[in-house]
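One structure is given here, and the rest of the page talks about it.
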Amino acid sequence: MFDKAEKLKNDILNATVNSKDELELFRIKYISKKSVVGELFAELKNIPNENKREFGAKINEVKQAAQDKFKALIVHLENTNGVESKVDFDLTLPPSRNEEGSIHPITATRNRIVEIFERIGFNVSEGPEVEDDWHNFTALNFPENHPAREMQDTFFIEKNPDIALRTHTSSVQVRVMENKKPPIRTLSPGRVFRNEAISARAHCIFHQVEGLYVDENVSFVDLKQTLLHFAKEMFGKDTKVRYRPSYFPFTEPSAEIDISCNICKGKGCNICKYSGWVEIAGSGMVDPNVLENCGIDSEKYTGFAFGMGIERIAMLKYQINDLRLFTENDVRFLKQFKTVQ
Ligand code: DAH
């Protein structure tokens with residue numbers, strides 16, 4: 001009899017259930033009035049008197065084990081939701097490594113550009129990606145029939161030629177100047193859109209950073225020094241900067257900014273097309289018409305502005321030769337920027 005009770009206890013301790021039905025079977029078999037444990041109690045009367053006490057203690061032990069196990073099985077079922085895990089854990093295995101993500105090179109480059117300019121007093125401002133003609137073109141002095149307004153460059157919103165996806169972050173200049181009085185020193189990073197075929201050098205969605213400084217007595221010298229400072233911080237202290245006369249509707253005079261090629265250090269390579277120089281930005285003195293369009297007195301205030309492509313800066317910084325890599329999100333590419341903050 002003692003052996004029978006002991007075996008029953010072992011059966012109870014080893015029992016498993018994977019569903020509510022199986023739990024109910026366990027209850028009927030080991031807990032209910034008609035359970036095998038109940039049968040053991042019925043056996044008590046056949047036990048010789050001298051052993052009754054000991055046997056009684058034993059069956060109480062079995063009964064308790066059944067009740068404890070029942071509670072444990074309920075908890076187990078709740079945790080596994082009735083689904084038994086088939087995985088055998090090997091606790092001696094080293095833990096699997098957590099794959100850490102990394103900052104996207106475009107974000108990292110944007111952050112670095114912002115950081116450099118914030119340290120010299122620029123704040124960050126943002127504007128909408130869906131813009132109206134005034135902020136994207138008209139206030140910026142674009143002539144009525146300027147080719148950039150036409151369908152091949154600009155994504156217009158269907159049926160409303162007044163609304164478009166902004167083609168540059170210069171639109172944020174206008175919004176800032178309309179809402180603030182000088183002195184203004186602001187940096188506007190953001191996404192821009194142009195109806196262009198996607199290739200290694202062009203994309204229909206890309207990023208720009210716009211810079212704007214408006215105050216009394218701001219001159220071209222301020223522009224030159226500011227951009228020289230930026231170039232040295234971004235690409236190294238030996239970097240040189242040169243300005244080429246150019247044209248933008250919203251600046252006069254206008255200049256394109258080149259830096260000495262940071263890959264061949266000016267000696268000539270295929271990135272700089274053996275010229276030793278690479279273009280990084282457009283810039284110029286804010287056209288008085290633009291200041292006036294935004295309600296700023298052009299007799300009193302002058303300003304400089306610049307705009308650069310974040311992809312272009314990132315390509316030069318990390319020596320990436322195909323713009324499409326930034327949007328393909330191939331982890332083998334992205335993983336290379338793990339150490340970039
Ligand atoms: N908005 C110009 C572009 O997208 C870039 C640019 C040129 C911005 C000169 C400026 C500037 O602020 O002064 O090509």
Does anyone have the angle between helix 20-30 and the longest principal axis of the chain? Alpha-carbon axes, 0 to 90°, nearest 10?
20
Relative contact order %, the range 22-143, counting alpha carbon pairs below 8 Å whose residues are six or more apart:
16
Percent RCO, i.e. relative contact order, over the chain, from Cα pairs under 8 Å lying at least 6 residues apart
16
Straight-line reach from K29: which aspartates and glutamates have Cα under 20 Å away, leaving out those fewer than 8 places along the same chain?
D3, E6, D11, D21, E39, E43, E61, D68
Largest to smallest principal axis extent of the C-alpha atoms in the chain, angstrom:
118, 49, 38
When ranked by the protection proxy of mean other Cβ atoms within 10 Å per residue, highest first, what sequence do the peptides 331-339, 69-77 form?
69-77, 331-339
I'd like the isolated cysteines in the chain, meaning no second cysteine's beta-carbon lies under 4.7 angstrom from theirs.
C204, C294
Before anything else, pin down the relative contact order of the range 2-80: Cα pairs under 8 Å, at least 6 apart, normalised by residue count, whole percent.
44
Measure off 7 Å from each Cα along the Cα-to-Cβ vector at N49 and N14, then give the distance between these two points in nanometres to one decimal.
3.9
Straight-line reach from K267: which lysines have Cα under 22 Å away, leaving out those fewer than 8 places along the same chain?
K232, K237, K240, K317
Checking the range 182-221 for GluC sites (Glu not before Pro) in a loop per DSSP with at most 13 other beta-carbon atoms within 10 Å yields E216
Simple spin-label model, 7 Å along Cα-to-Cβ: C269 to S219 in nm?
3.7
Taking the 0 to 90 degree range and rounding to the nearest ten, how far is the long axis of helix 220-235 tilted relative to the main principal axis of the chain, both from C-alpha atoms?
40
Candidate residues M1, M308: accessible-area rank, largest first, probe 1.4 Å:
M1, M308
Which loop trypsin sites (Lys or Arg not before Pro) in the range 120-169, with loop taken from DSSP, have no more than 14 other Cβ atoms within 10 angstrom of their Cβ?
K159
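The values are calculated or read from the model by the stated rules, or taken from the named source; none is laboratory data. These figures come from a predicted structure and were not determined experimentally. Because the Cβ atoms are built from the backbone with ideal geometry, glycine has one as well, and the counts that use them run over all protein chains shown. The accessibility values were calculated without ligands, DNA or RNA, using every heavy atom of the protein model including side chains. Shrake-Rupley method; radii C 1.70, N 1.55, O 1.52, S 1.80 Å.
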